[in-house]
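Bear in mind these aren't lab numbers, they're just calculated from the coordinates by the rules spelled out. All values reported here derive from a predicted model rather than from experimental measurement. Cβ: placed from backbone, ideal geometry, glycine included. Neighbour counts: every protein chain shown.
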Amino acid sequence: MMYQSANLYDALYAETKDYAKEVSRLHELITQHKTSSGRKLLDVACGTGQHLFFLKNHYEVEGLDINPDFIEISQKKLPQATIHKQNMMSFELPTKFDVITCLFSSIGYTKTYDCLASTLLNMRKHVKPGGLLIIEPWYTPSTFKPGHFTATIQEIDGGKVVRTNHWSQENGHSQGDSQFLVVNSSGIKHISEKHVLGLFSKESYTEALEAAGLKVVYDEHGLIGRGLYVGISPQT
Ligand SMILES: C[S@@+](CC[C@H](N)C(=O)[O-])C[C@H]1O[C@@H](n2cnc3c(N)ncnc32)[C@H](O)[C@@H]1O
């Protein structure tokens, strides 16, 4: 799925998402569970780099995303950091990290359990002994509510954007239909996006993380109420 709305992303979440607060909770959890001695952190599916912007106060950060527009935005925000353009499902980096994060439900784009499991295994291969793999999940089959919809209007540079979202369930996946109308002095632009995310149960996430060789600690609330998996890599 290519986001065509990458340049609107920060404005759309400016009032509803507190990245500084989320990072302070993440830092607490990392401090509690990490036993590796380094500070190297990779944020997979980093989007516009908002978590990295605050994480860089504590860690040596790198990012990874598949979408060139998001990479350009995060690279501008973090000129010192390397942002890799790779697919989270198959990326290969020469470095191992003390912490890998994959946040705001981006893991849902793996869609199927087999892909979830192979993606987590690949991420885990890039984690140092004593390091952490932290996954913020999407909804589960029992918490996802088909028919959920939202509509927002937001000021952006030189104009306004109206966004409507509708979520349905298709073949066991959640499917989000997002329509944007961006208006400024040049006129109105319409953007249409579909997002398909897999619905995995808590047992599936836990099983896939354990199969990748990680000990799992689950935080029920997590950063924004969607839960959070902390996968701990053994020391040896
Ligand atoms: C909901 S956004 C989350 C962005 C960021 N983590 C945040 O918390 O704001 C989902 C992100 O996943 C990225 N993404 C989706 N599929 C991907 C893939 N296969 N490999 C890497 N990134 C992917 C998108 O480009 C987008 O940046």
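Points worth noting:
- Here the spin labels are modelled as points 7 Å beyond Cα on the Cα-Cβ line, and at THR95 and CYS115 they lie 2.7 nm apart.
- Estimated D of the chain in µm² per second, where Rh is the Kirkwood radius over Cα pairs and Stokes-Einstein applies at 10 °C, 1.306 mPa s: 86
- Geometric extent, Cα atoms of region 149-198 - Rg, Dmax (angstrom): 13.1, 42
- Restricting the GluC sites (Glu not before Pro) of region 155-236 to loop positions (DSSP other than H, G, I, E, B) with no more than 14 neighbouring Cβ atoms within 10 Å leaves GLU220.
- Equivalent-ellipsoid semi-axes of region 76-155, from the Cα gyration tensor, Å, largest first: 27, 20, 11
- Length-normalised contact order of region 38-165 in % [C-alpha pairs under 8 Å, at least 6 apart]: 21
- C-alpha long axis of helix 113-125 to longest principal axis of the chain, angle in °: 60
- DSSP assigns beta bridges within the chain; of those with both partners inside it, close to 70 percent run antiparallel.
- The charge dipole of region 149-198, taken about its Cα centre with unit charges on the Cβ atoms of Lys, Arg (+1), Asp and Glu (-1) only, comes to about 80 debye.
- For region 54-139, the set of GluC sites (Glu not before Pro) satisfying both a DSSP loop assignment and a count of at most 12 other C-beta atoms within 10 Å is given as GLU92.
- Tilt relative to the chain, helix 19-33 - C-alpha long axis, 0 to 90 degrees, to 10: 10
- Pairs spanning more than 32 Å between alpha-carbon atoms, out of LYS77/LYS145; LYS85/LYS189; LYS85/LYS160; LYS76/LYS189; LYS111/LYS189: LYS77/LYS145.
- Under 5 Å from the amide H of PHE97 lie the amide H atoms of VAL127, LYS128, each residue being 5 or more positions distant or on a separate chain, with H modelled from the backbone and absent for Pro and chain starts.
- Relative contact order of region 149-198, pairs being alpha-carbon contacts under 8 Å that are 6 or more residues apart, as %: 30
- Between GLY187, LEU209, THR164, the Cα set farthest toward the positive side of the dipole of region 163-222 (charges on each charged residue's Cβ, about the Cα centre) is that of GLY187.
- Normalised by the number of residues in the chain, the average gap of Cα pairs under 8 Å and 6 or more apart makes the relative contact order 19 percent.
- Here the Karplus relation 6.51 cos²θ - 1.76 cosθ + 1.60, evaluated at θ = phi - 60°, turns the backbone of region 206-222 into coupling constants of 5, 4, 5, 5, 5, 5, 7, x, 10, 7, 10, 10, 10, 9, 4, 7, x Hz, with x for every Gly and Pro.
- Label-to-label distance, ASN87 versus HIS27, with points set 7 angstrom from Cα along the beta-carbon direction: 3.6 nm.
- Computed from backbone phi with θ = phi - 60° and the Karplus coefficients 6.51, -1.76 and 1.60, the 3J(HN,Hα) list for region 61-70 is 9, 9, x, 8, 8, 9, 9, x, 5, 5 Hz; x is used for glycine and proline.
- When only the Cβ of Lys, Arg, Asp and Glu is charged (+1, +1, -1, -1), the dipole of the chain relative to its Cα centre reaches about 300 debye.
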